[in-house]
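Here's the structure, in structure tokens; my notes come after.
What follows is calculated from the coordinates using simple rules that are stated; it is not laboratory data. Worth saying up front: this structure is predicted, and the values here are computed from it rather than measured. Positions of Cβ are generated from backbone atoms using ideal geometry, with glycine treated the same way; all protein chains shown enter the neighbour counts.
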Amino acid sequence: RVDATSHFGVARDLAAYLKQNGKPFNLKRPDVNGFKIDDATPAIEVVVENTEACLRYSGVCIKGVTIKESPEWLQNKLRTIGLRPINNVVDVTNLVLHGLGQPLHSFDAGKIKGNKIIVKSANEGDKFVTLDGVERTLTAHDLMICNEEEPMCIAGVFGGLESGVTDQTTDVFLECATFHPTWIRKTARRLGLNTDSSFRYERGLDPNVTIYILKYAASLIKELAGGNITGKIQDIYPHVVEPYKVHITYEKINSLIGKVIPTDTVKSILESLEMKIVHETDEALDIEVPVYRIDVQRDVDVIEDILRIYGYNNVEFDDHVKSSLSYQTPTDHSYKMQNLISEQLCGCGFNEILNNSLTRSAYYDGLFTYPVGQCVKVMNPLSADLNVMRQTLLFGGLESIEHNIKRKNGNIRFYEFGNCYQYDSSKKKEGETLAEFSEDYRLGLWLCGNHVENNWAHPDEKSSVYELKAYVENILVRLGVNLKKVIYGQLSDDIYDAGLCITTHAGKPLGTMGIVSHKIRKAMDIDAEVYYAEFSWTALMKETRNNKVIYADLSKFPAVKRDLALLIDKNVQFAEIQKIASDCERKLLKDVVLFDVYEGKNLPAGKKSYAVSFFLEDETKTLNDKQIDSIMKKIQTNLEQKLGAQLR
């Protein structure tokens, strides 16, 4: 709501609410009766060539001003809303912008060549240097405020470097205009300029208030900077905008709200909202909606406003819910599992984050894992920072980590569920509009900083990739995935300095994990190591959909542990040892644990030593030495044959 982007707009809405609740509120508008022309000598002429883009253009000249600091009361007003005072003229325009919601622009009248303002479209390819010193390339769809020789301002968006008010300015031309929202929005988006003025113009402003605003601002500038208001007010208003006409019935009001609202109350609310009743019957009303309420153009919009002022809490629930709810609804497996894992992660100290699925394409520049060419582009992006759909959850989490680190919160455990999107032109099929687009629901985990903070009982313990792997395996186990059927393979994704892919024995990918690359962390201004894992939740749900949870009694018989010290090749992974051992004994072998790794002197080149514990247990009886030795001999033989392992 553009009418709520100013202090006066909020006060006007609050006054309507207070009046409805029996607390009359006198809303005072700044008085402009004291405005007068000091010198009728013509000053600046205005010509509007593009009347489609410029709905109304008003302006007046103030000569003989003295540019200086604003008085303390004005500076304080601006500081309280986070603005930096500049000078008395510019500060007045900012006060009006935030106080009344109407952007203004002040030109140094001495720099308006030919004493003429021309509002027209730019020429294709024109160059223009804006107030921030950046040269920008214009198109024929950009509206410009020009003098007789050159452009001075991008209308409704940003001023020019050479035409603004400086300490040497003595004559000011004050602009108060209304521009077409579409023109301003397209220019602002294309140039990547999101200013306070463009924010308001993009949403549509009331062109009927420009003269009032101009008189108020000019009078205030004259009071603070001196000078004389010279020449009559220039006002070009080719097509007068009339209030919107809306027809509304009491039956529809009561039907949508769900309660019979007294007609007097309805009319009182409309009056308090400055909606004029032009005709009424016992069944309906014809009303005129103020032009500043751009968002109210249909009867349902009016009903929403009536309900808002009447009060949502004043509409009671019906004792009888009229609905066709079925007796029992199927439980969504994915949603149930998501809640289960969320509870588990929160119990492990994780915090859930929720990032925008829109992100910046610059994150994907130079990546081959997620190439920028596979980004799903947004046709009308809100800004250059939100111009594509995310391919991975990674960058949103890194933004959250960066935000927290800058606020001295560096020990982080985050998780997020969300959709990721990709475009693949090779999948394009004739007759299938969306064949080349894919969507995948994912789970991301981030670790950063210390796992344990330094205290009297324990020194700092940094988070590690092994800690991340433990969380990953806990998730898989909680979902009913047999870890013996999970394979961790080497991964060359460029988002990781070192990474693993997580797949099933059948080769189905479940996710990836690793240490986020230094290059990406540096680009995100993160110095600390970040450990990241990302699951395809869609793939996990397919893998676990038919899993059944089986509860078993704890064994009454003792477990047995046997240790082996194995000399193996450096490239052998512990997962290979686990798999071979599990294949040798599926029933009695309960767990295989690596408790020591040694690489160094006294070992042959290319070798390493693993110390591994094997846990055996029978739920029906106590294992004897003969059984245990037989199983261990079988495991040892297979390790020797398949991995070339040697006992140390």
Enter the angle in degrees (range 0 to 90, nearest 10) between the Cα long axis of helix 394-405 and the first principal axis of the Cα atoms of the chain, meaning the one along which they spread out most. 80
Trypsin sites (Lys or Arg not before Pro) restricted to DSSP loop in region 526-556 with at most 10 other C-beta within 10 Å: Lys548, Lys556
Checked region 212-255 against the a/c 1.5 cut and the a/b vs b/c comparison, axes a ≥ b ≥ c from its Cα gyration tensor; verdict oblate
Over the alpha-carbon set of region 31-236, divide Rg by the Kirkwood Rh and report the Rg/Rh ratio to two decimals. 0.93
Check cross-link reach from Lys276 to the lysines: straight Cα distance under 16 Å, and skip same-chain residues fewer than eight apart. Lys245, Lys267
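Tell me, Kirkwood radius of region 333-544 from alpha-carbon pair distances, in Å?
Values: mean 1/r = 0.0551 Å⁻¹.
Result for region 333-544 stands at 18.1 Å.
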Quick check: convex hull over the Cα atoms of region 500-648, volume per residue in Å³, rounded to an integer? 182
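Pull out a ≥ b ≥ c, the square roots of the eigenvalues of the alpha-carbon gyration tensor of region 524-591, then state rounded if a/c is under 1.5, prolate if not and a/b is larger than b/c, and oblate in the remaining case.
Values: a/c = 2.16, a/b = 1.25, b/c = 1.73.
The shape class here is oblate.
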Calculated log₁₀ intensity ratio I(q)/I(0) where the Debye formula runs over C-alpha points of region 402-474, q = 0.17, 0.27, 0.28 Å⁻¹: -0.79, -1.19, -1.21
Taking the inverse of the average 1/r across all pairs of different Cα atoms in region 590-630, what Kirkwood radius in Å do you get? 12.9
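Would you work out the charge dipole size for the chain about its Cα centre, treating the Cβ of every Lys and Arg as +1 and the Cβ of every Asp and Glu as -1, and quote it to the nearest 20 debye?
Dipole size: approximately 2060 debye.
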Taking the 0 to 90 degree range and rounding to the nearest ten, how far is the long axis of helix 263-272 tilted relative to the main principal axis of the chain, both from C-alpha atoms? 80
Beyond a 18 Å Cα-Cα separation, which of these cross-linked pairs lie in this structure: Lys485/Lys626; Lys377/Lys542; Lys608/Lys633; Lys508/Lys570; Lys36/Lys63? Lys485/Lys626; Lys377/Lys542; Lys608/Lys633; Lys508/Lys570
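Within the set of other residues whose C-beta is less than 10 Å from the C-beta of Leu191, count the net charge using Lys and Arg as +1 and Asp and Glu as -1. Walk me through the numbers before you get to the answer.
Details: positive: Arg136, Lys186, Arg189, Arg190; negative: Asp142.
Local net charge: +3.
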May I ask for log10 I(q)/I(0) of region 46-90 at q = 0.15, 0.25, 0.33 Å⁻¹, from a Debye sum over the Cα atoms as equal point scatterers with solvent left out? -0.63, -0.83, -1.18
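How compact is region 472-586 by the rule of thumb for globular proteins, expressed as Cα Rg over 2.2 N^0.38 Å? Walk me through the numbers on the way to the answer.
Values: Rg = 17.8 Å, N = 115, 2.2 N^0.38 = 13.4 Å.
Compactness ratio reported: 1.33.
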Distance between the C-alpha centers of region 168-213 and region 102-127? Whole Å please. 13
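Calculate the translational D of region 241-314 in whole µm² s⁻¹ from Stokes-Einstein, where the hydrodynamic radius comes from the Kirkwood formula applied to all Cα pairs, the temperature is 37 °C and the viscosity 0.692 mPa s.
268
Count charges around Glu529 for me, please; just the other residues with Cβ under 10 Å from its Cβ, Lys/Arg as +1, Asp/Glu as -1. Working shown, then result.
On the way: positive: Lys462, Arg521; negative: Asp497, Asp527.
Charge balance near Glu529 sits at 0.
For region 560-647, what is Rg from Cα atoms divided by 2.2 N^0.38 Å, rounded to two decimals?
Numbers: Rg = 13.4 Å, N = 88, 2.2 N^0.38 = 12.1 Å.
Dividing the Cα radius of gyration by 2.2 N^0.38 Å gives 1.11.
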Using only the Cα atoms of region 151-261, construct the convex hull and provide its projected area averaged over every direction, in square nanometres to one decimal. 11.7
Nearest-ten-degree value, helix 88-100 long axis tilted from longest Cα axis of the chain: 70
At q = 0.09, 0.14, 0.15 Å⁻¹, base-10 log of I(q)/I(0) for region 277-415 (Debye sum, equal scatterers on each alpha carbon): -0.66, -1.00, -1.01
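Using just the alpha carbons, could you tell me how many Å³ per residue the convex hull of region 1-121 encloses?
On the way: hull volume 21.2 nm³, N = 121.
Cα-based convex hull of region 1-121, divided per residue, equals 175 Å³.
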